[in-house]
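First up is the structure itself, then whatever we jot down about it.
The values are calculated or read from the model by the stated rules, or taken from the named source; none is laboratory data. What you see is a predicted model, and the numbers here were worked out from it, not measured in a lab. Cβ atoms come from the backbone with ideal geometry, glycine included; neighbour counts cover every protein chain shown. What goes into the accessible areas is simple: the full protein's heavy atoms, side chains included, and nothing from ligands, DNA or RNA. Shrake-Rupley method; radii C 1.70, N 1.55, O 1.52, S 1.80 Å.
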Amino acid sequence: MSAKPLLGPCDSYQLEPFAYEWAWAMARAQENNNWAPEEIAVAPDVADYKNPAVDPKFKHLFESVMAQLTTFDIERGDDAAETFLSVFQPAEIRHFFKRLVWEEGLHTRSYRYVIENLGIPLSIYDTWKTVPAMKERVEMAQKLSEPVLQTIKRQIEGRPYHEMSIAEKQALLRSLVFWFLIFEGVWFWVSLLGPIQQLSRLGFFKGGAEQFSYIARDESNHIGFGVALIREFMAQYPEALTEELLADIDRDTRRAIELEQGYISYCFKDGPILGYSSPDHVATTKFFANMRLGSVGLPQPFEDAYHAFPWMSEQMELKKEKNFFETRVTEYQAGGALSFDDQEEGSSTEQQNPYATCFTANKPAAETPPPLAPVADKQLVEELFPEEDPYFGRHQQPEWDDPLAGLKR
């Protein structure tokens with residue numbers, strides 16, 4: 001057992017010495033991923049939305065995905081703040097959850113920025129209440145969090161978390177698997193990198209699609225943290241992992257895919273768009289469900305899963321066509337990690353950024369600041385998730401499918 005068990009007893013105000021340096025490393029990596037929705041141009045999207053010549057089913061698809069995601073991000077941020085941030089005791093674990101909650105708030109602001117600029121009616125915020133597939137997904141998430149909230153209530157009444165019953169630990173683990181691997185790892189992931197990205201590939205709503213790519217970058221790191229946390233929880237509390245719990249997780253996953261099918265059917269109620277259909281979407285969600293569950297050693301339930309959209313990897317690269325005066329960083333990294341998105345592969349930053357020599361030419365060499373050293377904590381992440389991971393090796397997943405890919409660079 002760790003010196004700072006996940007459920008305590010430990011001092012939640014004592015940051016160091018770390019017991020989970022990987023959590024601190026992941027939070028540090030997220031701090032470098034600073035971005036703001038106002039940095040992304042949405043003027044072309046406004047033109048698309050107001051253009052009567054644009055196919056109405058494109059607009060319906062865009063509004064439907066936006067309606068679901070804006071509700072999801074609010075729910076995700078609230079749940080993390082109300083449940084996991086309270087239950088897990090080590091300070092470094094809580095530190096990451098605080099960052100996660102902040103980022104879900106940023107994502108909510110990003111959706112609102114698009115909705116406001118495009119002039120989408122505010123009734124979009126009530127869409128989830130009127131579309132059964134959306135409402136049932138929100139309610140499923142709430143239901144799986146209810147036992148955790150009851151555990152918190154008992155803690156407030158005087159019983160510490162480390163005295164949880166096996167049933168309570170199982171409910172907590174079940175909730176962790178759902179929120180990190182299914183809610184974020186499947187529902188969020190495929191909605192962010194799926195239908196709207198295909199609209200962008202067809203030339204429509206490119207600003208919204210770019211916003212989604214930035215959000216997906218954050219979500220990828222959330223999933224990676226969840227994978228590490230679930231593995232640690234299973235190692236510390238093996239009594240929670242029973243056949244009954246595995247059956248519950250299997251049912252949750254299958255139900256989540258059923259609801260995904262209903263949701264995407266609503267999005268495509270007027271028919272598919274070029275290059276994207278409901279059956280391919282559902283098969284891809286099954287693929288990611290298998291992948292997420294397999295990443296923590298859980299059974300993979302879908303034999304008919306396949307990845308229909310290999311171009312999704314392009315969306316995570318965030319490569320944008322810009323002229324010199326529109327240049328922005330590619331990976332919105334802070335400090336010394338910046339790189340320009342118009343930089344040609346294999347060429348130097350000095351060649352592509354004419355400002356670089358202007359800023360340094362007249363300075364003595366001694367005044368040139370040394371390059372920032374990489375965060376040493378990332379080595380711990382690499383040890384926890386080695387490149388020869390049997391799951392990823394068996395399925396030959398490309399790097400962008402790995403939720404920890406950003407930390408392995």
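In region 42-58, is there at least one residue being without any contact (Cβ under 8 Å) to a residue 40 or more places away in the chain and touching a Phe, Trp or Tyr at 6+ places or on another chain (Cβ under 8 Å)? No: region 42-58 contains no residue that is without any contact (Cβ under 8 Å) to a residue 40 or more places away in the chain and touching a Phe, Trp or Tyr at 6+ places or on another chain (Cβ under 8 Å). In region 270-295, the residues that are modelled with pLDDT under 95 and buried (at least 19 other Cβ atoms within 10 Å of the Cβ) form no Cβ pair under 9 Å with any partner that is assigned to a strand (DSSP E or B) and among the polar types (S, T, N, Q), whether six or more places apart or across chains.
Scanning region 89-132 for residues that are without any contact (Cβ under 8 Å) to a residue 24 or more places away in the chain and among the small types (Gly, Ala, Ser) yields one hit, 123.
Report yes if residue 212 is in contact (Cβ under 8 Å) with a residue 24 or more places away in the chain, open to solvent by 10 Å² or more (accessible area, probe 1.4 Å) and over 22 Å from residue 83 (Cα atoms), otherwise no.
Details: in contact (Cβ under 8 Å) with a residue 24 or more places away in the chain: yes; open to solvent by 10 Å² or more (accessible area, probe 1.4 Å): no; over 22 Å from residue 83 (Cα atoms): yes.
Criteria not met by residue 212.
Highlighted here are the helices (runs of 4 or more DSSP H) found entirely within region 43-150 that include at least 2 residues which are open to solvent by 30 Å² or more (accessible area, probe 1.4 Å) and over 19 Å from residue 197 (Cα atoms): 56-82, 84-87, 91-118, 127-130.
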